[in-house]
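Just below is one structure, and these are the notes that go with it.
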Amino acid sequence: MDLDQQQFLRRLGDRIRDRRTTLNLTQAELAERCGLHRTFIGSVERGERNLALLSLRKIATALRSTPAELLADPDPPPK
């Protein structure tokens, strides 16, 4: 995985964490809501996972969001 891909996953993880904390959810609560393991959620938030679309969909649904909203990068890196 190259640096650009790593940064993309970190920014996605940051947006997921921001949404989760806005909803006052712990990682464990989010994991329970979307049927995933707490350690999986933590690794996604740290940008360590290249998560599958279906996992992203589960997370987005649990966060009352859409995959598109979570993927939207308001500050893309310069090219």
Query - Rounded to 10°, Cα long-axis angle of helix 53-62 versus longest principal axis of the chain - result: 50
Report summary line: With the chain reduced to its Cα atoms and the Debye formula applied, log10 I(q)/I(0) at q = 0.21 1/Å amounts to -0.90
Query raised in the report: Using alpha carbons only, how many degrees (0 to 90, rounded to 10) separate the axis of helix 3-22 from the longest principal axis of the chain?
Result: 30
Requested in this report: About the Cα centre of the chain, how large is the charge dipole given +1 on each Lys and Arg Cβ and -1 on each Asp and Glu Cβ? Please answer in debye to the nearest 20.
Outcome: 220
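Bear in mind these aren't lab numbers, they're just calculated from the coordinates by the rules spelled out. Just so it is clear, the structure is predicted and the values come from calculations on it, not from any experiment. Note that we place each Cβ from the backbone using ideal geometry, even for glycine, and neighbour counts take in every protein chain shown.
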